[in-house]
Amino acid sequence: MDEDLKNKIDSQQQTVGFIKVTDQPVSSLNDQQKVALNRKANALFNEGKIELAERIFVTTGYSDGLTRVGDAYAKKNEYMKALKLYLLAHNKRKSLPLIEKMAEMVSVMLADKD
């Protein structure tokens, strides 16, 4: 990944609460660049290089890729990482159950303090 693209990725990231997110893909990428990057990310994902694939999918805003990476994190019980990616992918079907599960855990923790 060239340094200019890396800087664009980093500048797009922001923090929402305790989850670092970017809701807008790098806008200077044209369709051909996005397709090429998504193909590269798919290959990386298939090779098990999840974190590298994630960075590219976040950059391009490819929701299917974001969801697949989120699924990979969920399988490893890394629910916060999974939730971040589901939210970026605007995948309510995957994010809402995680949010509910986390809310239940917080409720139990708060009830135990009494």
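The values are calculated or read from the model by the stated rules, or taken from the named source; none is laboratory data. Just so it is clear, the model here is predicted, and its values are computed rather than measured. With ideal geometry, Cβ positions are generated from the backbone for all residues, glycine too; neighbour counts draw on all protein chains shown. All accessible areas refer to the heavy atoms of the entire protein, side chains included, with ligands and DNA or RNA removed. Shrake-Rupley method; radii C 1.70, N 1.55, O 1.52, S 1.80 Å.
A few comments on the model shown:
- Within the accessible surface of region 40-114, defined with a 1.4 Å probe on protein heavy atoms only, the carbon and sulfur portion equals 57 percent.
- With 28 Å as the limit on Cα-Cα distance, the pairs of Lys40/Lys94; Lys40/Lys76; Lys34/Lys101; Lys40/Lys101 that go past it are Lys34/Lys101; Lys40/Lys101.
- In terms of the mean number of neighbouring beta-carbon atoms within 10 Å, the peptides 101-113, 46-58, 26-38, 83-95 order highest first as 83-95, 46-58, 26-38, 101-113.
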